[in-house]
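See structure below.
The values are calculated or read from the model by the stated rules, or taken from the named source; none is laboratory data. Because the structure is predicted, anything quoted here is derived from the model rather than measured. Positions of Cβ are generated from backbone atoms using ideal geometry, with glycine treated the same way; all protein chains shown enter the neighbour counts.
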């Protein structure tokens, strides 16, 4: 095995070889996108002009994006904007369209219709220029575990045209920022999952991006590492004015976002802050479990007729929304003695918002949707459509 010092000296001269080897390894792991994005980046250039930024406060503008996999529509006319220095979440079950949209925004896929503008660049028509100004962290790991944290970042910097004292200084800055300054010379394979994720973040931030795109960034992390990651994203937003777009299917993570776009079956079904979205429920959420599951639909109809409110049946349980639900529960139980087995009353959650907008549960769709979007995306990729 070559000494590490020699490996470090050869990194700059052998970037092309390393990129080819890394591309092959990542392709085998199903994450060719990471190399596709980074290997095509030209040397670091100036940021977009002030006139470009002055057009709007939005750093990401998605307008009527449509994408189809054969006869299936993955995105159906989606539109929204991400503001400067905010954490914006794409929340949805697997197969809802958020992964497809993430790939479009990160220049890995061309939409079937509509357009996305990031930092003034059209993601489809100006992909090479845009890649110089965004950071992308994919769900699958792209760090080389046989290199140190510093060596991983050195390789990344060379891909972006960074070198010399400027690169060394920037590596020191980002390692300090992600809390790994004291582990710079340790092999990544000795790091915990959370620490490896921080190396991924450092790679995405190395070239001072104004926008950071994260695809399910906490996959595989323990609760403590998840908490640390979200605290760091808040620091990026508040101290460095970085706009963060993150995809997730976890409700507790979505609650940490400044604003959310909620997806279902390729449609944008809700948009706003977590508080705004929960407030639209307008009261408490009550779930009644009937003594006989077969009577759920008839009992829901009787409740609607008796009290004049909407009652839906999901998974054999009756769901209702009403102010002062804890008081209303007594009226229902007394009105239909022996027909109600149990009752729960809770404040609205984001899943309640999803149910309110779609009429079905979040997790049941996730299980039914499965990996359809990912499978279609891979098929699309093999055909060379992006």
In the stretch 274-308, anything over 15 Å from residue 343 (Cβ atoms), touching a helix residue (DSSP H, G or I) at 6+ places or on another chain (Cβ under 7 Å) and assigned to a helix (DSSP H, G or I) is listed as 274, 277, 278, 306
Quick one: in the stretch 161-182, of everything that is within 19 Å of residue 224 (Cα to Cα) and surrounded by 15 or more Cβ atoms within 10 Å (Cβ to Cβ), which residue is modelled with the highest pLDDT?
180
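Results for (1) within 28 Å of the chain's Cα centre (by Cα); (2) touching a residue at least 60 places away in the same chain (Cβ under 8 Å); (3) surrounded by fewer than 20 Cβ atoms within 10 Å (Cβ to Cβ), shown as yes or no for each residue.
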| site | (1), (2), (3) |
| --- | --- |
| 265 | yes, yes, yes |
| 272 | yes, no, yes |
| 275 | yes, no, yes |
| 292 | no, no, yes |
| 307 | no, no, yes |
Have a look at 114, 92, 120 and point out the one that is more than 23 Å from residue 199 (Cβ to Cβ) and within 17 Å of the chain's Cα centre (by Cα).
92
Filter the stretch 85-124 down to the residues that are out of contact with any strand residue (DSSP E or B) (no Cβ under 7 Å at 6 or more places or on another chain) and closer than 24 Å to residue 255 by Cβ and list them by number.
93, 94, 95
Within the stretch 62-75, take every residue that is touching a strand residue (DSSP E or B) at 6+ places or on another chain (Cβ under 8 Å) and surrounded by fewer than 17 Cβ atoms within 10 Å (Cβ to Cβ) and give me the one that is farthest from residue 115 (Cα to Cα).
73
Can you find even one residue in the stretch 120-142 that is touching a helix residue (DSSP H, G or I) at 6+ places or on another chain (Cβ under 7 Å), at positive phi and at pLDDT 95 or above?
yes
Of everything in the stretch 104-119, what is at negative phi and out of contact with any helix residue (DSSP H, G or I) (no Cβ under 8 Å at 6 or more places or on another chain)? Give them in sequence order.
104, 105, 112, 113, 115, 117
Across the stretch 202-217, the tally of residues that are in a helix (DSSP H, G or I) and either modelled with pLDDT under 90 or out of contact with any helix residue (DSSP H, G or I) (no Cβ under 8 Å at 6 or more places or on another chain) (or both) stands at 1
The residue from 146, 168 that alone is part of a loop (DSSP other than H, G, I, E, B), assigned by TED's automatic domain parsing to the domain that holds residue 217 and touching a helix residue (DSSP H, G or I) at 6+ places or on another chain (Cβ under 9 Å) is 146
Would you mind finding the one in 100, 107 that is surrounded by 19 or more Cβ atoms within 10 Å (Cβ to Cβ), under 19 Å from residue 260 (Cβ atoms), in the same structural domain as residue 231 (by TED's automatic domain parsing) and at pLDDT 95 or above?
100
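Yes/no matrix, rows are residues, columns are (1) without any contact (Cβ under 8 Å) to a residue 12 or more places away in the chain; (2) in a loop (DSSP other than H, G, I, E, B):
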{"site": "219", "(1), (2)": "no, yes"}
{"site": "225", "(1), (2)": "no, no"}
{"site": "228", "(1), (2)": "no, no"}
{"site": "231", "(1), (2)": "yes, no"}
{"site": "234", "(1), (2)": "no, no"}
{"site": "239", "(1), (2)": "yes, no"}
{"site": "252", "(1), (2)": "yes, no"}
Residues 187, 147, 153, 212: which one is touching a strand residue (DSSP E or B) at 6+ places or on another chain (Cβ under 8 Å) and buried (at least 22 other Cβ atoms within 10 Å of the Cβ)?
212
Of all the residues that make up the stretch 322-346, how many are touching a helix residue (DSSP H, G or I) at 6+ places or on another chain (Cβ under 7 Å) and in a strand (DSSP E or B)?
4
